[in-house]
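Worksheet: one structure, shown below.
The values are calculated or read from the model by the stated rules, or taken from the named source; none is laboratory data. These numbers were taken from a predicted model, which means no experiment stands behind them. Don't worry about glycine lacking a Cβ; one is built from the backbone with ideal geometry, like all the others, and counts go over all protein chains shown.
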Amino acid sequence: MLTHNFDAMVSPGGDHAGYGGDIQPTQELVESYEQAGGGSVDWLAWHTNGATTTPPWSTLEARFQATVLYAGSSWKGRTIEPYDGGADGWVSYPPAAGSNKGASVTGYYLRRYVDEIHIDLVNVNSSQTMVEIRLAEVYLNYAEAAYNLSNTAEANAGINAVRHRAGLPDLNLTGTSLLNQVKKERKIELAFEGHRYWDLRRWKDAESTLTGLYVHGLKTNYSGGAYSYDYITCDDLPRQFPEKFYAFPILSSERANNPACDQIEGW
């Protein structure tokens with residue numbers, strides 16, 4: 001049987017010292033999810049330092065619960081503790097050399113596709129199969145195609161087929177609102193499946209979405225039996241996506257083979 005090291009790379013740091021934490025959700029992704037049963041969440045109260053109210057993680061929809069591990073999540077018979085002194089730990093960005101491997105930078109860990117019954121991360125490899133395509137992606141592909149063919153009813157039907165599985169109410173959208181919902185559903189439903197970057201490129205949204213972006217986390221602090229939360233930046237510089245990145249440059253070897261071939265503009 002073919003095996004791999006996925007669990008050892010991404011599991012919460014408390015699963016085994018010196019392992020995990022290589023993929024971590026951001027606060028931006030967390031804030032994209034709806035409440036269970038539908039409806040948006042106002043996160044403004046946690047865009048500060050020292051907030052003492054527990055973030056509304058437990059009230060969020062099923063897809064969030066299946067994708068993200070947060071402070072207080074139940075995992076392998078214990079509670080996730082992504083803070084200083086906690087079982088999983090926290091480290092500021094960028095992590096210094098020799099810092100706690102497996103500690104969280106964003107305050108979150110990935111839950112999706114991680115095998116919760118995989119205990120021995122050192123001597124036993126992971127055996128999850130790779131998922132190339134899921135029915136949810138087929139529905140969302142269908143919804144996007146229907147939108148582009150001006151078939152509003154079918155586009156909504158594709159979106160709602162995915163939302164039903166998450167226990168969310170039907171939508172009946174039109175125009176730009178419908179397209180934006182298709183994009184949002186893909187971001188949430190297909191999170192960490194390798195689609196987001198390429199979706200932004202093909203929609204020509206990458207330049208406006210990524211340029212100047214700093215991603216954030218929500219740091220949990222625990223002291224004297226009380227919790228508080230800090231909204232933190234997890235980038236040292238803003239991200240950049242120049243317009244020329246929508247196309248790949250032509251290799252110099254190819255241009256040498258065909259001198260009539262001009263380089264793509266910008267490269």
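Observations, loosely collected:
- Any hit, the stretch 202-214, residues being assigned to a helix (DSSP H, G or I), surrounded by 13 or more Cβ atoms within 10 Å (Cβ to Cβ) and of a type in the set (D, E, K, R): yes
- Qualifying residue in the stretch 182-199 (condition: within 30 Å of Asn5 (Cα to Cα) and in contact with a strand residue (DSSP E or B) (Cβ under 9 Å, 6 or more places away or on another chain)): yes
- Restricting the stretch 7-45 to residues that are more than 30 Å from Val122 (Cβ to Cβ), crowded, with 20+ Cβ neighbours inside 10 Å and not polar (S, T, N, Q), the residue that is farthest from the chain's Cα centre (by Cα): Glu34
- Of residues in the stretch 46-63 being more than 20 Å from the chain's Cα centre (by Cα) and among the β-branched types (Val, Ile, Thr), the one surrounded by the most Cβ atoms within 10 Å (Cβ to Cβ): Thr54
- Among the residues of this structure, Tyr222 counts as one that is within 24 Å of Thr59 (Cβ to Cβ), in the same structural domain as Ala66 (by TED's automatic domain parsing) and not basic (Lys, Arg).
- Matching residues, the stretch 1-44, being among the polar types (S, T, N, Q) and out of contact with any Cys (no Cβ under 8 Å at 6 or more places or on another chain): Thr3, Asn5, Ser11, Gln24, Gln27, Ser32, Gln35, Ser40
- Taken as a whole, the condition of being at pLDDT 95 or above, among the acidic types (Asp, Glu) and not assigned by TED's automatic domain parsing to the domain that holds Ser40 applies to Asp199.
- Failed item, numbered, when Asp115 is tested on (1) without any contact (Cβ under 8 Å) to a residue 40 or more places away in the chain; (2) more than 19 Å from Ser40 (Cα to Cα); (3) not small (Gly, Ala, Ser): (1)
Residues checked against (1) part of a helix (DSSP H, G or I); (2) touching a helix residue (DSSP H, G or I) at 6+ places or on another chain (Cβ under 8 Å); (3) surrounded by 11 or more Cβ atoms within 10 Å (Cβ to Cβ):
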residue	(1), (2), (3)
His164	yes, no, yes
Leu173	no, yes, yes
Thr176	yes, no, no
Asn180	yes, no, yes
Glu185	yes, yes, yes
Asp199	yes, yes, yes
Tyr227	no, no, yes
Ile264	no, yes, yes
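- Any hit, the stretch 82-95, residues being touching a helix residue (DSSP H, G or I) at 6+ places or on another chain (Cβ under 6 Å), buried (at least 16 other Cβ atoms within 10 Å of the Cβ) and in a helix (DSSP H, G or I): no
- Residues in the stretch 253-262 that are among the hydrophobic types (A, V, I, L, M, F, W, C) and not in a helix (DSSP H, G or I): Ala260, Cys261.
- Inclusion of Glu116 among residues that are more than 17 Å from the chain's Cα centre (by Cα), modelled with pLDDT of 95 or more and not assigned by TED's automatic domain parsing to the domain that holds Val10 is not warranted.
- Check on Glu243, of a type outside the set (Ser, Thr, Tyr), within 25 Å of the chain's Cα centre (by Cα), over 30 Å from Asn49 (Cβ atoms) and surrounded by 15 or more Cβ atoms within 10 Å (Cβ to Cβ): no
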